[in-house]
Structure formats: C-alpha cells, structure tokens
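Below: the structure, in structure tokens.
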Amino acid sequence: MAHLAFFFRHYAPWVDHFWIHDDGSTDGGLEFLAERDDVTVVPLVRQNADSWILSAKAVYDTSWMQSRTTADWVVVTNIDEHLYHPNMPEYLTRMYKNGVTAIPALGYQMIARNMPPAHSTLFRDVPFGAPWGRMSKLQMFRPNFMRSSDFAPGRHSVRFDGTVVYPRQDEVLNLHYKYLGLDQVICRHAAQAERLKRLDRDKGWGHKYHWPIEDLIQDFEGFEQASIDVHGLTDHHTSHKEFRWWRRS
C-alpha cells in the first residue's frame, strides 16, 4: 500500500491516466485504486502457466498499444520504479518537438534502512542510491511510432519495431525504490518468490527472490555502502560509466 501512495505522488503531476495490472491483490490496494478517477484496473492474465516472468512480459509488450492515437507518451513501469527529471513536463515537450520517440533512463538502486512514512515524496526524502546499470532501462516512448515491442525478462532492455529516435544525451533517471526498509524487503522477496513458476526457476529468472536472508542482507548493505546523494549530482554520466545497450550504434 505504501508503495502505491509513493507511486502516485510521484507520477500524478505529469501522467494523465494509469492502467494498473492487478495480480490478485489482497492488501487493500484495489480499494485504494478505486478512489482514483485517473486509474483503470485490469486483471493480469497469466499468459504462461509455467512462467510468471513471461506472463509479465506479455503485459509489458501489449498493454501500451491501446494508447496509440490517444497519448503523446507512454510509461511502462513497475510500482517501485520512479522515472525522474527535474522538470518532466517541460522535458517531454522538448523531446517531442525534437522528434525523439524513445527515452532511456539511467538506473539507481535507491536505499533506506527504514521504511519511509506513507506521506513521503521519495525523491525528496530518500535521496541516496547506488548507480546500477541493471536498472538503466527504456520504458518511456511515443506509442504512435512503435508497431511492437520485445522487452527482455525484467525489462532490462527492449527492441522496438518502429521509428526509434533517442535523445542526444541521457537526462532521465530510473530511481528503483525496492530497498526501502530491510524488514520490508525480506517480506517482499518471500512474497515474490511464491509467484515464480517452474520455467522461471529453470531459467534463473528472479533468482534473487530465492536468496537466503543472509545473502539478501549482504546485497542490501552492499548497495547501501555504494550509495551517493543523487540530489548532489549534476552530471549523471560521470556516475554511470557502464556500457549502455541503447548506445551500441
């Protein structure tokens, strides 16, 4: 529930409508969403009985298509991923005028030892994160220019069939607010592990959800030690030295 409040507080100022895919929520989330007139809840249909990851991929690859002719931009994201720019509406208008059709984001694993209060604005109140190339994703694009998408498992990369024009410089950040409160993270991992199916386990998809608690704590603390104040950065290219898959050409 807290993650939903964080999500809408971040995105509502510049997103007109939300399509939320529900996988049988029982934590009060549906009641929360029902109170918003900018939300359409869609039941998540398992497309592959042997794989939660491939079922999610099917949603990522098709859900945005309904926005053709009605939306300038779409965002395909998870609740704990916050795409950030200091002035997102102005930036999107500028990219639109410049003919950009797909906007990558530089990833940070944001971290807090304790779960922030539900009224928090996460970018303001949880400013520390570690640069992490795995969370550098492309999940914001103009639907009218794409015929189809082929997201990799976890959306860590994507191939479009369409007209793909990137910004000359990567300015948007993907702030991944998964590691908020160590106790909460342990509980979420256990819940996520139950959703994985046979093929997911065979392929090693979502393998971190099956980590022993000691390994999860070690990973948490590793990101904590590598974290920096994202607010204080003026050049995110310096902190992101890794190869960016969308810049291969």
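The values are calculated or read from the model by the stated rules, or taken from the named source; none is laboratory data. Everything quoted here is computed from the prediction, not taken from an experiment. Positions of Cβ are backbone-derived with ideal geometry, glycine not excepted, and every protein chain shown enters the neighbour counts. Only protein heavy atoms, including side chains, enter the accessible area calculation; ligands, DNA and RNA are left aside. Shrake-Rupley method; radii C 1.70, N 1.55, O 1.52, S 1.80 Å.
Annotations for the structure displayed:
- Identity of the residue in the range 20-45, open to solvent by less than 80 Å² (accessible area, probe 1.4 Å) and part of a strand (DSSP E or B), that ends up modelled with the lowest pLDDT: ASP22
- Residue check for THR77: farther than 25 Å from ILE20 by Cβ and outside any strand (DSSP E or B): no
- A search for C-beta distances below 7 Å between a residue of the range 112-126 that is farther than 21 Å from PRO13 by Cα and any residue that is assigned to a loop (DSSP other than H, G, I, E, B) and modelled with pLDDT under 95, counting only pairs 6+ apart in sequence or on different chains, returns ALA112/GLY181; ASN114/GLY181; MET115/GLY181.
- Checking each residue of the range 214-222 against the condition of being crowded, with 16+ Cβ neighbours inside 10 Å and under 21 Å from TYR60 (Cα atoms) gives no match.
- One residue from ARG134, ARG155 being touching a His at 6+ places or on another chain (Cβ under 8 Å) and either under 24 Å from SER51 (Cα atoms) or at pLDDT below 95 (or both): ARG134
- Residue check, THR234 open to solvent by 60 Å² or more (accessible area, probe 1.4 Å), at pLDDT below 95, assigned to a helix (DSSP H, G or I) and not charged (D, E, K, R): no
- Of the residues making up the range 80-122, those that are open to solvent by 40 Å² or more (accessible area, probe 1.4 Å), part of a helix (DSSP H, G or I) and not charged (D, E, K, R) are PRO89, THR93, TYR96.
- Residue that is within 21 Å of PHE160 (Cα to Cα) and of a type in the set (A, V, I, L, M, F, W, C), where the choices are ALA58, ALA2: ALA58
- Subset tally (residues that are at negative phi, assigned to a helix (DSSP H, G or I) and within 13 Å of the chain's Cα centre (by Cα)) for the range 155-189: 0
- Filter result for GLN192 (polar (S, T, N, Q), open to solvent by 20 Å² or more (accessible area, probe 1.4 Å) and part of a loop (DSSP other than H, G, I, E, B)): no
- Flag if TYR60 is among the aromatic types (Phe, Trp, Tyr), touching a residue at least 40 places away in the same chain (Cβ under 8 Å) and either in contact with a strand residue (DSSP E or B) (Cβ under 9 Å, 6 or more places away or on another chain) or open to solvent by less than 20 Å² (accessible area, probe 1.4 Å) (or both): yes
- Note on the range 64-74: among residues that are open to solvent by 20 Å² or more (accessible area, probe 1.4 Å) and in a helix (DSSP H, G or I), the one that is nearest to TYR166 (Cα to Cα) is MET65.
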